[in-house]
Amino acid sequence: VAADAAVHAIGMPECGVCIAQCAVYLALAPKSVAVYRAYNAAMKSAADEPRCPVPMHIRNAPTKLMREVGCGKGYQYNPGSGYQRGCPGGYLPPELGAGRTFFDPRDCEPPHELKFCPGGKK
């Protein structure tokens with residue numbers, strides 16, 4: 001995005017070095033198929049179980065009726081809970097399996113490692 005902004009702000013040919021720097025950065029950045037594999041696994045899961053309902057605790061509750069039937073009950077606002085990763089009730093429907101994850105950090109190219117928000121508890 002910064003390279004694109006430089007092209008628009010500075011113009012050619014002066015911004016050529018910004019484009020080159022971006023190309024080199026991307027060429028040297030750690031590569032991974034982890035997101036690709038996670039995305040494909042999630043899409044397969046959604047296709048295999050297309051009618052799994054969204055868990056009640058993460059449903060939006062803009063109306064009184066929705067609140068009365070339990071939508072949003074127990075929802076934890078991430079910034080309000082110290083940026084703790086995850087929630088006790090999970091985010092996936094029970095039909096997909098409790099504690100199931102799609103992303104596997106072992107699929108990342110060494111020495112790349114995941115870094116979450118500072119203060120994240122999980």
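Under the Karplus relation 6.51 cos²θ - 1.76 cosθ + 1.60, θ = phi - 60°, what is the ordered set of whole-Hz ³J(HN,Hα) values for region 88-104, x standing for Gly and Pro?
Karplus-based 3J(HN,Hα) across region 88-104 equals x, x, x, 10, 9, x, x, 4, 8, x, 5, x, 5, 10, 10, 8, 10 Hz.
In the full protein assembly as shown, how much of Glu109 is accessible to a 1.4 Å probe, in Å² to the nearest 10?
Per-residue accessible area (Glu109): approximately 80 Å².
Enumerate the helices in the chain for which the Kyte-Doolittle hydropathy averages 0.0 or more and the C-alpha atoms extend at least 15 Å along the helix's axis, using complete DSSP H runs. Please list the in-between numbers first.
On the way: long enough: 16-28 (18 Å, 1.98); 34-48 (21 Å, -0.13).
Span-like helices in the chain: 16-28.
Order Asp107, Asp4 by their accessible area, 1.4 angstrom probe, all chains in place, largest first. Numbers along the way, then the final one.
Numbers: Asp107 45, Asp4 90 Å².
Ranked list, largest accessible area first: Asp4, Asp107.
I need the calculated FRET efficiency for the pair Thr101 and Met66, taking r as the beta carbon distance and R₀ as 30 Å, to the nearest 0.05. Don't skip to the end; give the middle numbers.
On the way: r = 29 Å, r/R0 = 0.96.
It comes to 0.55.
Got a sec to turn the phi values of region 67-75 into Karplus ³J(HN,Hα) couplings, 6.51 cos²θ - 1.76 cosθ + 1.60 with θ = phi - 60°, whole Hz, x for Gly and Pro?
Running phi through 6.51 cos²θ - 1.76 cosθ + 1.60 with θ = phi - 60° gives 5, 5, 7, x, 5, x, 5, x, 5 Hz.
Inverting the mean 1/r over all pairs of different Cα atoms, compute the Kirkwood radius of the chain and quote it in Å. Could the numbers behind the result be given before it?
Details: mean 1/r = 0.0540 Å⁻¹.
It works out to 18.5 Å.
Kindly sort His8, His57 by accessible area of their heavy atoms, largest first, with the probe set to 1.4 Å. The partial results should precede the final answer.
Working: His8 140, His57 35 Å².
From most accessible down to least: His8, His57.
Explain nothing, just compute: Karplus ³J(HN,Hα) = 6.51 cos²θ - 1.76 cosθ + 1.60, θ = phi - 60°, for every residue of region 53-62 in order, whole Hz, x for Gly and Pro.
Each residue's phi maps through the Karplus curve to give x, 5, x, 4, 5, 10, 6, 5, 10, x Hz.
Just check region 24-80 against the gyration tensor rule for me: Cα atoms, a ≥ b ≥ c as the square roots of the eigenvalues, rounded for a/c under 1.5, and otherwise prolate or oblate depending on whether a/b exceeds b/c.
Oblate shape, in that a/c is at least 1.5 and b/c is the bigger or equal ratio.
Say the dipole of the chain comes from +1 at the beta carbon of Lys and Arg and -1 at that of Asp and Glu; which of Leu28, Pro62, Met43 then lies farthest toward its positive end?
Pro62
Amide H of Gly90: which non-local residues (sequence gap of 5 or more, or other chain) have their own amide H closer than 5 Å, using H built in the peptide plane?
When sequence neighbours closer than 5 places are left aside, there are no close amide H contacts.
To the nearest 10 square angstrom, what accessible area does Arg67 show with a 1.4 Å probe?
The accessible area of Arg67 comes to roughly 130 Å².
Is there a quick way to get the dipole size of the chain? I mean about its Cα centre, with the Cβ of Lys and Arg at +1 and of Asp and Glu at -1; what is the value in debye to the nearest 20?
620 debye
Using a 1.4 angstrom probe on the protein heavy atoms only, line up Ser81, Ser32, Ser45 by accessible area, largest first.
Details: Ser81 35, Ser32 60, Ser45 5 Å².
So, going from the largest accessible area down, we get Ser32, Ser81, Ser45.
How big is the accessible area of Ile10 in square angstrom, nearest 10, if you roll a 1.4 angstrom probe over the protein chains?
Surface accessible to solvent at Ile10 totals approximately 90 Å².
The values are calculated or read from the model by the stated rules, or taken from the named source; none is laboratory data. This is a predicted model, so every value here is computed, not measured. No Cβ is skipped: glycine too gets one built from the backbone with ideal geometry, and neighbour counts run over all protein chains shown. Ligands, DNA and RNA are stripped out before the accessible areas are found, and what is left, the full protein with its side chains, is counted by its heavy atoms. Shrake-Rupley method; radii C 1.70, N 1.55, O 1.52, S 1.80 Å.
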